[in-house]
C-alpha cells in the first residue's frame with residue numbers, strides 16, 4: 001500500500017502509523033490478529049526498529065493495537081458501543097513544546113476511560129500545518145467522531161483563516177470542540193467552545209513579579225510574530241505587574257535568533273529582566289545573547305513558560321511548569337461533560353502552574 005503524497009513529506013514514523021492504520025481500517029489485519037514483528041516491519045518500511053516501535057506505540061495510544069511484552073503487537077477487538085471515538089487536532093505536537101506530552105496524556109486518559117482517540121498527522125512546515133489541519137478537520141467530520149480536542153495553528157502566514165475554517169468545518173458537522181491551551185480568536189476575544197489550559201494572564205503577572213523580587217526594574221517581554229493568543233495574555237499579565245510609573249516594560253516581537261535585531265533592541269531598551277513567551281523562545285534568545293557576549297543571569301535575568309526542556313539549556317531556565325497530565329485529564333472530563341450537557345455555558349478550565357526556579361533568574365529561592 002503506497003503512502004499518499006501528503007504523507008511522503010511526513011516523518012517516517014507517521015508514514016508507518018498512517019499505513020498500518022489504513023490496513024487495520026480495511027481489515028487487512030483483523031481484530032485479535034498479530035501484526036508482523038517489529039524487525040519485519042523495519043525491513044518492509046526501510047527504517048530502524050526504533051522508528052517502527054514509535055509508530056506502533058502511537059497506534060496503541062489511539063486504541064487500535066495492543067502491545068504485549070514478549071509476544072508482539074495485536075489488533076484490538078471492536079471498541080464497545082459505549083465507547084466514544086475522539087479526534088486530536090494539534091498542529092505543534094512535534095516541535096518539542098508542551099503539545100507532544102499533552103497529546104500522549106489525552107490519548108492515555110481517554111483509553112483509561114474506555115474511549116479511543118484518533119491522533120492525526122500534522123507536518124512540520126507552515127504550509128503543511130495549514131493544509132493538513134484543514135484536511136484533518138474534514139476527515140474527522142466525515143468520520144463523525146464524537147468530539148475533537150483542538151489546539152489552533154500558530155506561527156503560520158494564514159493561521160487565523162485556517163483556524164476559522166477548521167472550527168467551521170467541525171461546527172457544521174455538529175462535533176463538540178474542546179480547546180486545549182488557547183482559543184483560536186485573538187485575545188481577549190473568546191469563542192463559544194470550552195477551553196482547558198492555564199491562566200496565562202495570571203502566569204505572566206507571576207513571572208514578572210518574580211523578576212521584580214529578584215531586583216529587576218526594566219523588564220521586557222520577548223515573543224515571535226504570529227504567536228498564539230496565549231502570548232498576548234501573558235504580555236497583559238506582565239503589564240499588570242508593571243503598573244507603577246517608575247517601572248519600565250517593553251515588548252519585543254521579532255526573531256529571537258536575529259543577533260543584529262536583538263543587539264539593537266538591547267541597546268535601546270536596556271532590560272535587566274526578560275519574560276519569554278515560552279521556553280523555546282528563551283532558549284533561542286539565550287544562544288543569541290551568548291553570541292553578543294551576554295549571559296544570564298550575569299548580564300540579564302530570564303524566565304520562560306512550559307518547562308519541557310528548560311533544564312538542559314546552556315543556563316538552566318527559571319520557568320512555569322505546565323501541568324500536561326492534568327490538562328489532558330481535565331480535557332477528557334470537559335468533553336464528556338459537554339456531550340452529556342450540550343446546552344451548558346461555555347467554560348474556561350484554568351489550572352495552576354508550578355514555578356520552577358533555576359539559575360537564569362539569579363535567584364535561589
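What follows draws every value from the coordinates through simple rules; no lab data is involved. Just so it is clear, the model here is predicted, and its values are computed rather than measured. For neighbour counting, all protein chains shown are included, and Cβ atoms are generated from backbone atoms with ideal geometry for every residue, glycine included.
Here are the numbers for the structure shown:
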| read-out | value |
| --- | --- |
| Efficiency of FRET from Cβ geometry, residue 217 and residue 39, R₀ 45 Å, rounded to 0.05 | 0.15 |
| Hydrodynamic radius (Kirkwood) for segment 164-243, which is based on Cα pairs only, to one decimal in Å | 14.2 Å |
| q = 0.21 Å⁻¹, segment 215-289: log10 I(q)/I(0) [Debye, one scatterer per Cα] | -0.93 |
| Distance between segment 217-234 and segment 102-132 - C-alpha centres, whole angstrom | 26 Å |
| Most fluctuating residue given options 312, 98, 262, as computed from a GNM of the chain linking Cα atoms under 10 Å | 312 |
| Estimated FRET transfer efficiency when R0 is 51 angstrom, pair residue 131-residue 209 (beta carbons, to 0.05) | 0.75 |
| Sites residue 165 and residue 49 - FRET efficiency at Förster radius 51 Å, r taken between beta-carbons, to 0.05 | 0.85 |
| Hull-based mean projected area of segment 187-333, where the convex hull spans the alpha carbons, in square nanometres | 9.3 nm² |
| Computed over segment 121-166, Kirkwood Rh from alpha-carbon pairs, angstrom | 10.8 Å |
| Ascending count of other beta-carbon atoms within 10 Å, so fewest first, for 73, 156 | 156, 73 |
| Whole-Å distance, taken between Cα centres, linking segment 138-189 and segment 335-365 | 20 Å |
| Gain on full stretching of the segment that runs from residue 343 to residue 251 - 0.36 nm per residue minus C-alpha separation | 29.1 nm |
| For segment 1-75, Kirkwood radius (reciprocal of mean inverse C-alpha pair distance, Å) | 12.4 Å |
| Calculated [θ] (222 nm, deg cm²/dmol) that DSSP helices of n ≥ 4 give over the chain, each run adding -39,500 (n - 2.57) | -13000 deg cm²/dmol |
| Least to most buried among 77, 165, 210, 158 (fewest other Cβ within 10 Å first) | 77, 158, 165, 210 |
| Residue order, fewest to most surrounding Cβ atoms within 10 angstrom, among 219, 43 | 43, 219 |
| Rg/Rg_globular for segment 70-223, with Rg_globular taken as 2.2 N^0.38 Å and Rg from C-alpha atoms | 1.22 |
